[in-house]
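The values are calculated or read from the model by the stated rules, or taken from the named source; none is laboratory data. Please read all numbers here as calculations on a predicted model, not as lab measurements. With ideal geometry, Cβ positions are generated from the backbone for all residues, glycine too; neighbour counts draw on all protein chains shown. With ligands, DNA and RNA removed, areas are computed over all heavy atoms of the protein, side chains included. Shrake-Rupley method; radii C 1.70, N 1.55, O 1.52, S 1.80 Å.
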Protein chains: 2
Amino acid sequence: MTTDSKPHKAPPATLLLVGTGLIGGSFALAAKAHGVFSRVVGTDRRTEALDAALELGIIDDRASDADESRFDAACIAVPLGGIASCVREASGIATVVFDVGSVKGSVIDALETPPENYVPCHPIAGSERHGPAAADAGLFSKRTVVMTPTATTAPWAVEEVRRFWEAVGADVETQTADQHDQRFALLSHLPHLVAVAFMDVVGRAGSFAGAGSGFRDFTRIAAGDAEVWHDILHSNAGHVRRYLDELIDDLRTLGDAAEKGGPSLHRRIEGASRLRRAFDAARD
Amino acid sequence: MTTDSKPHKAPPATLLLVGTGLIGGSFALAAKAHGVFSRVVGTDRRTEALDAALELGIIDDRASDADESRFDAACIAVPLGGIASCVREASGIATVVFDVGSVKGSVIDALETPPENYVPCHPIAGSERHGPAAADAGLFSKRTVVMTPTATTAPWAVEEVRRFWEAVGADVETQTADQHDQRFALLSHLPHLVAVAFMDVVGRAGSFAGAGSGFRDFTRIAAGDAEVWHDILHSNAGHVRRYLDELIDDLRTLGDAAEKGGPSLHRRIEGASRLRRAFDAARD
């Protein structure tokens with residue numbers, strides 16, 4: 001069902017932006033700044049967000065007011081639970097469609113036979129801020145975008161969407177959806193779940209007076225949008241659970257080691273410290 | 001055993017700095033910059049640290065080379081396990097002695113009858129960096145310092161040490177050692193233990209390629225010095241354990257809620273997000 005012939009497309013090109021929040025808004029700003037699209041038509045089920053996106057210059061027109069009935073590309077930037085139906089709809093009116101959801105398997109599963117012009121994407125970029133006002137044309141510069149093409153995705157669609165991301169400064173990687181979901185269950189979704197649970201405990205204790213910069217950074221992700229994170233944690237619950245059970249085992253043995261003190265406690269703290277410093281060194 | 005008569009002391013005053021790392025070094029730099037002391041004499045069991053402190057101008061002289069046998073104050077800035085013996089020794093050669101350890105009860109217990117010129121302190125300031133090279137004269141500006149005077153601490157000693165901290169720009173609070181230790185078990189020591197356990201899980205999974213800014217901030221504290229954190233987690237293991245057990249319960253129920261999805265998951269994420277945003281708002 002795939003084809004190698006790339007549909008003809010010459011600038012000026014028009015983007016349909018479905019969801020005008022942080023990620024979608026940032027993509028639209030960046031793509032226009034880099035000349036990938038000359039016009040952005042937007043839609044958002046939150047009227048205030050759509051109005052703000054128009055006012056901020058993220059979109060040129062509301063989809064409901066626009067003349068177009070076909071688009072060169074569609075960027076689906078809504079919470080995970082809504083992605084599959086938006087992809088299905090957009091695949092009929094846009095040459096190529098991609099989403100920016102943080103979990104890939106659940107969307108692909110929901111589509112059953114994904115359209116050949118759909119390229120699942122996950123830009124590893126974000127912030128605890130959200131909404132059109134948080135959009136930033138530089139958000140994807142030097143960041144990784146993971147693409148997880150399905151068995152039915154056309155190679156020309158993959159190359160077209162790769163071109164968009166590279167134009168806004170991102171490095172593109174390709175993985176299977178399952179590899180991706182397992183990887184980000186550990187690196188992103190589990191930390192979020194832990195930060196939420198920790199804030200629960202803090203909330204019951206009643207005060208964070210005197211909390212320092214360690215607390216601030218450790219809990220920063222917990223400020224994220226509840227709808228977005230509900231969908232992420234639920235969509236990837238299986239992978240997250242496996243790592244969560246591992247973490248709980250580690251927490252128990254580390255709690256025991258703390259009570260006992262001595263070389264085994266020191267070794268574990270030193271190992272974590274070395275690994276974390278290696279992470280910083282790798283980023284420098 | 002306490003007295004209200006403050007011993008006579010006129011500038012120029014000399015500080016004995018025991019431990020020349022991040023916190024001790026920063027205090028020495030700040031105190032000299034604000035004219036609290038005109039001379040700093042240092043000691044450190046790590047010869048390289050002591051040499052670096054001299055070279056960086058954190059200390060004016062090594063204690064082994066200095067003429068003084070009495071000091072106006074002593075700042076004990078060594079890992080927790082070494083504080084009590086340093087306090088005992090310094091209390092005989094310095095007018096007033098304070099430490100900067102992150103746990104207070106275990107040090108006070110180890111002293112049995114704490115000297116009347118000893119004021120237990122905990123500046124809520126730090127960084128995952130360590131050593132004299134990380135010292136920063138601005139580290140305590142607008143930060144909180146918690147003092148936990150003991151039953152035997154002299155009021156004049158409390159006021160003298162308060163003056164030091166206020167001079168370097170800190171806000172001073174007073175609590176009992178147990179209140180303090182419980183508070184920081186939750187706000188600082190538990191997050192550290194969790195970040196260490198999480199890095200353990202990441203280490204077994206083998207890679208953090210693609211980790212984003214959420215991962216970076218959530219794990220930053222894990223890069224801390226292993227000896228310092230061994231002593232903190234061990235010294236405060238009782239309070240930490242109680243909150244850890246609470247957190248594990250929360251993690252389990254949140255993992256269940258993630259699998260199920262729906263309002264209860266959304267409510268918990270939203271509650272954490274609201275609380276975390278309140279923390280930011282309170283700091284602005």
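Here are a few things to note about the model shown:
- Peptide B:224-232 has a mean shielding of 5, counted as Cβ atoms of other protein chains within 10 Å of each residue's Cβ.
- Chain A has equivalent-ellipsoid semi-axes of 38, 21, 17 Å, by the square roots of 5 times the alpha carbon gyration tensor eigenvalues, sorted largest first.
- Helix screen, chain A: DSSP H segments with Cα axial length of 24 Å or more and mean Kyte-Doolittle hydropathy at least -1.0 are A:237-260, A:263-283.
- Of all chain A residues, the closest to the A-onto-B rotation axis by Cβ, with that distance in whole Å, is A:ASP217, 2.
- Accessible area of chain A belonging to carbon and sulfur atoms, whole % at 1.4 Å probe: 49
- Average accessible surface area per residue within the protein assembly as shown, 1.4 Å rolling probe, Å²: 40
- Most to least packed among B:117-124, B:136-143 [average Cβ atoms within 10 Å]: B:117-124, B:136-143
- Seen through its C-alpha gyration tensor, with square-root eigenvalues sorted a ≥ b ≥ c, region A:1-147 comes out rounded because a/c lies under 1.5.
- Of B:GLU227, B:GLU246, B:GLU259, the one that fluctuates the most in a GNM where chain B has Cα springs shorter than 10 Å: B:GLU259
- Protection proxy ranking, highest mean first, for peptides B:264-272, A:69-77: A:69-77, B:264-272, where packing is the per-residue count of other beta-carbon atoms within 10 Å, averaged.
- Pseudo-label separations to other copies for B:ASP249 - Cα-to-Cβ vector, 7 Å, nm: 2.4
- Normalised contact order of chain B, rounded percent, pairs of Cα under 8 Å and 6 or more residues apart: 17
- Environment charge of A:VAL194, counting only residues whose C-beta is closer than 11 Å and scoring Lys/Arg +1, Asp/Glu -1: -2
- Sorted on the mean count of surrounding Cβ atoms within 10 Å across their residues, most packed first, peptides A:19-25, A:274-280, A:154-160 read A:19-25, A:154-160, A:274-280.
- Peptide A:119-127, shielding by other chains (average Cβ, 10 Å cutoff): 2
- Using a Förster distance of 35 Å, the FRET efficiency for A:ALA134-A:THR253 (Cβ separation, nearest 0.05): 0.30
- With R₀ fixed at 60 Å, the C-beta to C-beta distance from B:ARG283 to B:LYS260 puts the FRET efficiency at about 0.95.
- Inter-copy separations for A:GLU89, label at 7 Å along Cα-Cβ, nm, ascending: 7.4
- Of A:LYS104/A:LYS142; A:LYS104/B:LYS260; A:LYS142/B:LYS142; A:LYS260/B:LYS104; A:LYS32/B:LYS260, those spanning more than 30 Å from alpha-carbon to alpha-carbon: A:LYS142/B:LYS142; A:LYS32/B:LYS260
- Global geometry of region B:109-167, whether rounded, prolate or oblate, following the gyration tensor of its Cα atoms and the 1.5 cut on a/c: prolate
- Tensor-based shape of region B:224-283 (alpha-carbon gyration tensor, a/c under 1.5 rounded, otherwise prolate or oblate): oblate
- Qualifying GluC sites (Glu not before Pro) in region B:66-124, where qualification requires a DSSP coil assignment and no more than 15 other C-beta atoms within 10 Å, comprise B:GLU68, B:GLU112.
- Distances from A:ASP171 to itself in the other copies, using label points 7 Å out along the Cα-Cβ axis, amount to 4.2 nm in increasing order.
- Structure-based [θ]222 nm, chain A - -39500 (n - 2.57) summed over DSSP H runs of at least 4, per residue, nearest 500: -15500 deg cm²/dmol
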